[in-house]
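Chemist: Please read through the structure below; I'll follow up with questions.
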Amino acid sequence: MELLGIHHVSLLTGMAEKNYEFYTKILGMRLVKKTVNQDNTSSYHLFYGDAKANPGTEITFFDIPNIGNSYPGHSIISSTSLRVATTDSLNYWKDRFTKLNISHDQISKRANRDTLAFRDFEGTSLILVADNGETGVAPGTPWNQSDIPTEHGILGLGPVTLTVKDSSPTSRILTEVLGFKLVGTYPSLDGNFANIEVYKIGLGGAGAEVHLEERPDLPRARPGRGSVHHVAFRVPNIEEYDKWAEEINSLGIMNSGKVERYYFKALYFREPNHILFELSTDTPGFDVDEHIDTLGERLALPPFLEPNRAEIEASLRPLDFNNH
């Protein structure tokens, strides 16, 4: 059993319309699924990914219109990164962000890669990371129906950063339970704090890393709009998913049990610093109920919610992204 890398990262937004505008029009990603939060069907769940909705390329958002502000601190996924091809791409994005008044930093090194940190309209902490020919988990296919030149398009998810008060128990879960390996460290960009640890799984590379930051000086984070809800890791198939469920249970780790999400199967648990992890299957994928050419154009519901479509649609506020 080996996890393949990051499957998706899910965040919170207070404004689905502006969120759609930012991730499709500013970042040039594809809306690959417009569906509902299966645990609260009066709320939208939006998935943005690459041209083919490949696993490992989706950044997703739960739409919660009245959600409050988030406050940074420990016990949280403090940043999400997105892969681009080269440092030239980072320079393209830096110029684009400047022109569009998107808050961003200078290009800087993280884990020996060139990166560009920036924020969306809700303060979500995002980082572009340049592959520059690095081997590892294969990149996705950039969406070519935006104004972003294909050579600079977003290729999928890069590392997530976990910021915790005490890194040791989280490190043990990553290495002893999930099979990650500690492969290096790099200096904190925030000052004289402990080096950030780099953990990799599977083939490694930007799409298969978790960065662990220990910050006992910070207060506990308070999630809100723009914060990360959970990170999901890739399980290749249902057979291995079943084995993972047995393994997590045998270790006495409290978990959600097997959850059928239709587009993938999921299992959730919190590591000792209270960050929510998910194990998700690569199969069957986001084109199981929509043609690949028309992904995200209608409200998609899994078969177990389809009988309630009229009731669900009545409880949702109208969203017309096609005219936005």
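Chemist: May I ask you to list the residues in the stretch 16-28 that are open to solvent by 10 Å² or more (accessible area, probe 1.4 Å) and hydrophobic (A, V, I, L, M, F, W, C)?
Modeler: F22, I26
Chemist: A further question on this structure: If you take the residues in the stretch 125-148 that are out of contact with any Gly (no Cβ under 9 Å at 6 or more places or on another chain) and either open to solvent by 50 Å² or more (accessible area, probe 1.4 Å) or over 18 Å from E58 (Cα atoms) (or both), which one is modelled with the lowest pLDDT?
Modeler: Just the residues of the stretch 125-148 that are out of contact with any Gly (no Cβ under 9 Å at 6 or more places or on another chain), to begin with: 126, 130, 132-133.
Next cut, either open to solvent by 50 Å² or more (accessible area, probe 1.4 Å) or over 18 Å from E58 (Cα atoms) (or both) only: 132-133.
Working: N132: 97, G133: 94.
Here the residue is G133.
Chemist: Evaluate the following for P65: is it touching a Ser or Thr at 6+ places or on another chain (Cβ under 7 Å) and surrounded by fewer than 23 Cβ atoms within 10 Å (Cβ to Cβ)? Give the derivation first.
Modeler: Working: touching a Ser or Thr at 6+ places or on another chain (Cβ under 7 Å): no; surrounded by fewer than 23 Cβ atoms within 10 Å (Cβ to Cβ): yes.
No; evaluated as a whole, the condition is false for this residue.
Chemist: When you scan the stretch 149-182, how many residues do you find that are surrounded by fewer than 18 Cβ atoms within 10 Å (Cβ to Cβ), of a type outside the set (K, R) and either free of Cβ contacts under 8 Å to residues at least 24 places away in the same chain or under 23 Å from W244 (Cα atoms) (or both)?
Modeler: 8
Chemist: Which condition number does F304 fail, the rest of (1) within 30 Å of L178 (Cα to Cα); (2) out of contact with any strand residue (DSSP E or B) (no Cβ under 6 Å at 6 or more places or on another chain); (3) of a type in the set (A, V, I, L, M, F, W, C) being met?
Modeler: (1)
Chemist: A further question follows. Could you go through the stretch 85-102 and let me know if any residue there is under 22 Å from G285 (Cα atoms) and in contact (Cβ under 8 Å) with a residue 40 or more places away in the chain. Break it down into steps so the answer makes sense when it comes.
Modeler: First pass over the stretch 85-102, keeping only residues under 22 Å from G285 (Cα atoms): none.
Among the residues of the stretch 85-102, not one is under 22 Å from G285 (Cα atoms) and in contact (Cβ under 8 Å) with a residue 40 or more places away in the chain, which makes the answer no.
Chemist: Follow-up question, since we're still on this one. When you look at D39, is it surrounded by 22 or more Cβ atoms within 10 Å (Cβ to Cβ) and acidic (D, E), yes or no?
Modeler: Working: surrounded by 22 or more Cβ atoms within 10 Å (Cβ to Cβ): no; acidic (D, E): yes.
No, not satisfied.
Chemist: Can you name every residue in the stretch 68-103 that is over 16 Å from I127 (Cβ atoms) and either surrounded by fewer than 16 Cβ atoms within 10 Å (Cβ to Cβ) or acidic (D, E) (or both)? Before you say what the answer is, go through the steps one by one.
Modeler: So the first thing to find is which residues in the stretch 68-103 are over 16 Å from I127 (Cβ atoms), and the list is 68-71, 73-75, 88, 95, 98-101.
Within the stretch 68-103, G68, N69, Y71, D88, D95, T98, K99, L100, N101 meet the criteria.
Chemist: Do we find that E209 is under 24 Å from D120 (Cα atoms) and open to solvent by 10 Å² or more (accessible area, probe 1.4 Å) in this structure? Steps first, answer last, please.
Modeler: Working: under 24 Å from D120 (Cα atoms): yes; open to solvent by 10 Å² or more (accessible area, probe 1.4 Å): yes.
For E209, the condition - under 24 Å from D120 (Cα atoms) and open to solvent by 10 Å² or more (accessible area, probe 1.4 Å) - is met.
Chemist: Applying the selection to the stretch 225-263, what residues are of a type in the set (K, R) and farther than 24 Å from E209 by Cα?
Modeler: R225, K258, R261
The values are calculated or read from the model by the stated rules, or taken from the named source; none is laboratory data. Because the structure is predicted, anything quoted here is derived from the model rather than measured. Note that each Cβ is placed from the backbone with ideal geometry, even for glycine, and that neighbours are counted across all protein chains shown. Remember, those area values only see protein heavy atoms, side chains included, never the ligands or the DNA or RNA. Shrake-Rupley method; radii C 1.70, N 1.55, O 1.52, S 1.80 Å.
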